[in-house]
Amino acid sequence: MPLAEDRLEQLWFMNTRVTVRLRHTDGADGISVLEHHAPHGDSPPLHVHHNEDEIFHILEGEVRFRVGDADVRAAAGETLLAPKRIPHSYRVESRQGARWLTIMKGREFEDFVRAFSRPAERPGLPDPSGPPTPEQAEALAQACRRHGIELVGPPLS
């Protein structure tokens, strides 16, 4: 059963907007569906999920992924799997930004996003924050470790 739009959680997660479309507690299998809206150039550090596969389904725009040693571009309608324990990252390549769904089983990624987010204050993306300070980078690394994620390299350029 779909959630009413006014019940959806709207979060600013770093420089992106995340809508929690389906909480891991909404169904018996613990599946989480998060919608991400990110600006051109957005790229998280190369990282590994130790406990969860990560599925990306592109809704709008073009995103370049690195999964292990492979670089793959995905556009609207395409789906990509980043298996657990394999280093991966992405970079939004389309000038207008991109939107995609992240689908995972389990709570760790969903809990991580909530722990490192703030409620969205208005429609759209948050104001760009620029590169993280050393303190912000350390806070991100600590939050990742608490949620089964390990940072293993820089963002994609």
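The values are calculated or read from the model by the stated rules, or taken from the named source; none is laboratory data. Model, not experiment: these values are computed from the prediction. Glycine gets a Cβ as well: all are built from the backbone with ideal geometry, and neighbour counts include every protein chain shown. Note: areas computed on protein heavy atoms with side chains; ligands, DNA, RNA excluded. Shrake-Rupley method; radii C 1.70, N 1.55, O 1.52, S 1.80 Å.
Pick from ASP127, ASP111: which is free of Cβ contacts under 8 Å to residues at least 60 places away in the same chain and assigned to a loop (DSSP other than H, G, I, E, B)?
None of the others qualify; the one that does is ASP127.
Quick one: in the stretch 38-55, which of the residues that are out of contact with any Leu (no Cβ under 9 Å at 6 or more places or on another chain) and in a loop (DSSP other than H, G, I, E, B) is least open to solvent (accessible area, probe 1.4 Å)? I'd like the intermediate steps shown before the answer.
If we filter the stretch 38-55 for residues that are out of contact with any Leu (no Cβ under 9 Å at 6 or more places or on another chain), which is where we start, we get 40-42, 49-52.
Still in the running and in a loop (DSSP other than H, G, I, E, B): 40-42, 50-52.
On the way: HIS40: 63, GLY41: 27, ASP42: 26, HIS50: 71, ASN51: 87, GLU52: 11 Å².
It comes out as GLU52.
Out of all the residues in the stretch 59-69, is one or more in a loop (DSSP other than H, G, I, E, B), buried (at least 18 other Cβ atoms within 10 Å of the Cβ) and at pLDDT below 95?
No, the stretch 59-69 contains no residue that is in a loop (DSSP other than H, G, I, E, B), buried (at least 18 other Cβ atoms within 10 Å of the Cβ) and at pLDDT below 95.
Only one of SER89, SER117 is in contact (Cβ under 8 Å) with a residue 40 or more places away in the chain, over 16 Å from ARG17 (Cα atoms) and in contact with a Leu (Cβ under 7 Å, 6 or more places away or on another chain). Can you tell me which?
Residue meeting the stated conditions: SER89.
Might you check whether a residue that is on the phi < 0 side of the Ramachandran plot and open to solvent by less than 20 Å² (accessible area, probe 1.4 Å) occurs anywhere in the stretch 26-33? Step through it out loud before you land on a result.
Step one: filter the stretch 26-33 for residues on the phi < 0 side of the Ramachandran plot, giving 26-29, 31-33.
From what is left, the residues that are open to solvent by less than 20 Å² (accessible area, probe 1.4 Å) are 32.
So far as the stretch 26-33 goes, yes, one or more of its residues are on the phi < 0 side of the Ramachandran plot and open to solvent by less than 20 Å² (accessible area, probe 1.4 Å).
Residues checked against (1) closer than 23 Å to HIS40 by Cα; (2) charged (D, E, K, R); (3) touching a Gly at 6+ places or on another chain (Cβ under 6 Å); (4) open to solvent by 30 Å² or more (accessible area, probe 1.4 Å):
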position: ARG95; (1), (2), (3), (4): yes, yes, no, yes
position: MET104; (1), (2), (3), (4): no, no, no, no
position: ARG107; (1), (2), (3), (4): no, yes, no, yes
position: GLY130; (1), (2), (3), (4): yes, no, no, yes
position: GLU135; (1), (2), (3), (4): no, yes, no, yes
position: ARG146; (1), (2), (3), (4): no, yes, no, yes
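Output the residues belonging to the stretch 99-122 that are within 12 Å of the chain's Cα centre (by Cα) and farther than 23 Å from GLU138 by Cβ.
Scanning the stretch 99-122 gives ARG99, TRP100, LEU101, THR102, ILE103, MET104.
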